[in-house]
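Have a look at the structure below before the remarks.
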Amino acid sequence: MTTLTETTPASKLVTTARIAPYAASIFTSATLLFLIQPIIAKQLLPWFGGAAAVWTACMMFFQTVLLFGYLYAHWSIRSLSHRAQLLTHVLLLALSAVVLWVSGGTQSHPAALDHPAYRAMTALAGSIGLPYFVLSSTTPLLQSWYSRSGCGSAPYRLFALSNLGALLALLTYPFVIEPALDTRPQLAIWRAGYVLFLIACGLAVIRTSRYQVDSYAVESRAGSGVGLRRKLLWVTLASCSSTLLLAVTNKLGQDIAPVPLLWIAPLAVYLISFIICFDHESHFRAGIYRVLVPGALVALIWLGANPGVGIRIALPLCLAGLFTVCMFCHGQLAQLKPESSGQTSFYLCISLGGALGGLFVGLVAPAIFSDFFELQVAVSMGLVLSLRFLFGYRPMPFLAICGLAALVLLRLFGGLAGDGAVKFQGRNFYGVVAIREGVKRQGGTVRTLVHGGTVHGGQVILADQRTRREPRYYYGRESGAGLALGRQLRTHRVGVVGLGVGTLAAYGRHGDYYRFYEINPLVETLARTKFTYLEDSEATVEVVLGDARLSLESEPDQKFDTLVLDAFSGDSIPIHLLTREAFLCYFRHVKRDGVIAVHISNTYLNLAPVVAAVAAAFGRQALRVVSQAHPEQQISAAEWVLVTANEELATDIGQKGRGEVLRAEKTRLWTDQYSNILGVLR
C-alpha cells in the first residue's frame, strides 16, 4: 500500500493517469446532473397544468438534494476513516443503480391542486432522488480524494470541469437532444450514461484505495482556519446568484413559455460564470464590475417594472444582467475560496446558499408576496454586496437604506402591469392574478383579469344585464370561439379548457350545457365573485377544478358539440394540451361533426403549424380565424384555429371570408414524448 508520504514527484504522464478517473467521474456526474433536469421537469409539466412554477419546484428539489450531497461529502471526509469513506460510497453507488432501474422513471400522477410544489418534489424524490444525491456528492468528494492522491495540486480546476460538463449538457439538450428524440430514448441514454459514471467512479475508488490519509485531521485543521464570518459571506454570495437565477427564469417562463429552452438559458449563463471565475480567476477584475454591476441592476429593475417587454429585449437583457451579477458573485467566491484541504466546507456553503435561494423563490416568496418580487429582492441583495465588495463600504450602514428602497420598489411595481387600478392581487403556484378596474365605458366600469402581463378577459360591469353579458376581448362574436359557439344548434353542449372570467358562458342559451375545466382555484373564485358571466348565463354551467387533460381522460364521453382550448398562463401555453395524445382524448369527447376551437393568440409563439399538423393527423380540417380589434367595444385582436370534420361549417366560414384553411406543413407532430419550441418561436 502506497502512502501519501511515499509518493515521489510524478511525471506529466503519471499525473494525467492519476487524475483521469477523478476527472472522468466529475465530468460525467455533472453532465448527468444537468441533463436529467430538463428531461424530468418536462415529464412533470403535464401533471401540473404546464405551470411555469414546475421548473422552480424542480430547481428547489435539485438544489436541496445538492446540499445534502455536499453535506454527505463534508461529513464523510471529516468523520469517516479512509476505508470507511470508500466502502460507504461504493454501497451508495450500488444502491442508487438498483433504485434507478427499479423505479423506471417518474411515479403515478400526483394531485396537482393539493400542495403542487410539495407533490412535484415528492415525485422527483421517488424517481431520481437517490441517483441525484449520489451524483451531487461526486464533485466535492472526489476532489477531496484527488487532493490527497499525491499530485499536490489544488483541485479547483476540477470544479470548473464539472461546470463545463453541466454546461455541455444544458446546451446539448434544447438544440440536439430535444428536437431529435422522444422522452423515452432520452431517459434510456441518461441511464446508459449513469452506467459509465458508475464505472468511472469505481476506477476512482480503486485509485483512492491505494492511499491512506488521516482525512479527519486534515479537514479539521483546514476548517479551523475559516471563520464564521467568511462562511457567511460564501453563503450570501451563493444565495444572491441563486435567487437571481430563479427570479429571471420565473420571469421568462411566465411571460413566454415554461419550456426547457427558457429554463436552460439562464442556468447556462449561471454555469458559464462559475467556469470563468474558477478556471480563469484573472478574468474577474473589480474595476470593470464597478461599472457593469450597477448597470445590470438598473436593467433588471426596469425589466421587473415592465412585464410586457418583447422577447427580443427581455431575453438578452435578462441574460446579460444575470451574467454580470453572477460573475460578480462567483468572482468574489473564487477570491475567497480556501486551500484545497478545506474545499468541502466551501462547497457546502455554496450549496447551502443555492438551496436557500431555491427555497426562498419556491416556497417563501409565493407565501409572502402577491406578485413576483423575487427579482427585486435579488437586485437588493446584489446592491448590498456590490457596495461591500466593489466600493469598499461596510454593508450595515446601508442595509436600512437598501431595505427602504426595496419596499418602495415593491410598492411601485405593484401597479405597473396593465391598465387601470389594482383592486385585487393574489398569487399561488400557478402564478399571479390581478383584478383591475379602468375607465368607464358604455356607462359601466371595465374590469379585467390580468395574469402576469397579459389580460385574460374582462367585462363591462353594468346594471343592464344584456349589455353586461356581451362577450369581450378575445371572445367577441367575430372571433373563432364566437363563430364556433354561435352555430344554430337545437342545444349546444360545450366544453371549455380554461375558465378565465367565464366570458364564453355568455354564448349559452336555455337548454345549453357549458362545462369549464380550470386548474387554478383562485381563478374560479374570482370568476364567480368579481365577474357575472357565469351567473348571468342562460345555460347550465359547471366548473371542474383540476388539469383539463387529466380530468377529460378520467371522464366518460361528454359528447361535446364544441370544445374550446383556451388555457393560458401569462403569455405561455401548456404544451401538453397540444399533443397528439391530447387531441386523441379531445376527439373522444367531441361529436364527429363537432369543433375544437384552439386559441393561439400569442406574442412569442406561432402555434398554427402545430395545430394544423395534429388536425391533419386525425383527418380534420384546420381553419385559421383572425379577428380584428375594436377598442371602443373592448374587443381585442385574436387568432383561433378551428379543427373540425364538419364540411358545411368549413365551407360557410371560407365562403364568408371569415377564415382560411391551414395546410399541414413540414412541422413534426407534437406528442407527449416530443415537442420543439424552437420551431414555433416567432
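The values are calculated or read from the model by the stated rules, or taken from the named source; none is laboratory data. Small disclaimer: the values here were computed from a predicted structure and weren't measured. Here the Cβ positions follow ideal geometry from the backbone for every residue, glycine too, while neighbour counts run over all protein chains shown. These area figures cover heavy atoms from the full protein model, side chains too; ligands, DNA and RNA do not enter into them. Shrake-Rupley method; radii C 1.70, N 1.55, O 1.52, S 1.80 Å.
Just one residue in the set Asn676, Asn646, Asn606, Asn602 is of a type in the set (S, T, N, Q), touching a Phe, Trp or Tyr at 6+ places or on another chain (Cβ under 8 Å) and at pLDDT below 90; that residue is Asn676.
Remark: pairs (first residue in the stretch 171-194, under 17 Å from Leu681 (Cα atoms) and touching a residue at least 24 places away in the same chain (Cβ under 8 Å); second residue surrounded by fewer than 17 Cβ atoms within 10 Å (Cβ to Cβ) and among the small types (Gly, Ala, Ser); Cβ separation under 9 Å; 6+ apart in sequence or on different chains) = Pro179/Gly679. Has the stretch 626-634 got at least one residue that is in contact with a Leu (Cβ under 9 Å, 6 or more places away or on another chain) and within 27 Å of Lys666 (Cβ to Cβ)? Within the stretch 626-634, none of the residues are in contact with a Leu (Cβ under 9 Å, 6 or more places away or on another chain) and within 27 Å of Lys666 (Cβ to Cβ). The residues of the stretch 461-484 that are outside any loop (DSSP other than H, G, I, E, B) and buried (at least 21 other Cβ atoms within 10 Å of the Cβ), listed by number, are Tyr473, Gly480, Ala481, Gly482, Leu483, Ala484. Per this entry, Ala615 is counted among residues that are part of a helix (DSSP H, G or I), crowded, with 23+ Cβ neighbours inside 10 Å and out of contact with any helix residue (DSSP H, G or I) (no Cβ under 7 Å at 6 or more places or on another chain). A single member of Leu315, Leu245, Leu267 is at pLDDT 75 or above, surrounded by fewer than 21 Cβ atoms within 10 Å (Cβ to Cβ) and within 30 Å of Leu605 (Cβ to Cβ), and it is Leu315.
Residues being farther than 17 Å from Ala484 by Cα, within 24 Å of the chain's Cα centre (by Cα), assigned to a loop (DSSP other than H, G, I, E, B) and not polar (S, T, N, Q) are represented in the stretch 602-611 by at least one member.
Within the stretch 18-43, residues that are at pLDDT below 90 reach partners that are not in a helix (DSSP H, G or I) with beta carbons closer than 6 Å, at six or more positions or on different chains, in the pairs Arg18/Ser149; Arg18/Cys151; Gln43/Thr106.
Taken over the stretch 324-369, the residue count meeting the criterion of being surrounded by fewer than 20 Cβ atoms within 10 Å (Cβ to Cβ) and aromatic (Phe, Trp, Tyr) is 1.
Cβ separations smaller than 6 Å between residues 6+ apart or across chains give the following pairs from the stretch 494-517 residues that are more than 20 Å from Arg436 (Cα to Cα) to residues that are part of a loop (DSSP other than H, G, I, E, B) and among the hydrophobic types (A, V, I, L, M, F, W, C): Val497/Ala567; Gly508/Ala539; Asp512/Ala539; Tyr514/Ala539; Phe516/Leu499.
Does Val433 satisfy being under 17 Å from Ala548 (Cβ atoms), open to solvent by less than 10 Å² (accessible area, probe 1.4 Å) and of a type in the set (A, V, I, L, M)? In short, no. Restricting the first member to the stretch 369-387 and to residues that are closer than 17 Å to Leu232 by Cα, and the second to residues that are open to solvent by less than 30 Å² (accessible area, probe 1.4 Å) and of a type in the set (Phe, Trp, Tyr), the beta-carbon pairs closer than 8 Å and six or more apart or on different chains are Gly382/Phe328; Leu385/Phe328; Ser386/Tyr289; Ser386/Phe328.
Is there a residue being under 32 Å from the mean Cα position of the chain (by Cα) and part of a strand (DSSP E or B) anywhere in the stretch 649-668? No, the stretch 649-668 has no match at all. Val446 fails exactly one of the following numbered conditions: (1) in contact with a helix residue (DSSP H, G or I) (Cβ under 6 Å, 6 or more places away or on another chain); (2) over 28 Å from Val54 (Cβ atoms); (3) not polar (S, T, N, Q). What is the number of that condition? The number of the failed condition is (1). Which one is nearest to Leu44 (Cα to Cα) among residues in the stretch 277-293 that are part of a helix (DSSP H, G or I) and either open to solvent by 50 Å² or more (accessible area, probe 1.4 Å) or modelled with pLDDT of 85 or more (or both)? Looking at residues that are part of a helix (DSSP H, G or I) and either open to solvent by 50 Å² or more (accessible area, probe 1.4 Å) or modelled with pLDDT of 85 or more (or both), I get Val293. Only a single criterion out of (1) in contact with an Asp or Glu (Cβ under 6 Å, 6 or more places away or on another chain); (2) more than 20 Å from Gly431 (Cα to Cα) is not satisfied by Thr454, namely (2).
Answer with yes or no whether Tyr604 is of a type in the set (Phe, Trp, Tyr) and closer than 19 Å to Leu504 by Cβ.
Answer is no for this residue.
Restricting attention to the stretch 586-600, the residues that are crowded, with 21+ Cβ neighbours inside 10 Å and either part of a helix (DSSP H, G or I) or polar (S, T, N, Q) (or both) add up to 1.
Checked against (1) modelled with pLDDT of 85 or more; (2) touching a Phe, Trp or Tyr at 6+ places or on another chain (Cβ under 6 Å), Gly357 passes all but condition (2). Taken together, the criteria exclude Val661 from residues that are β-branched (Val, Ile, Thr) and surrounded by 15 or more Cβ atoms within 10 Å (Cβ to Cβ).
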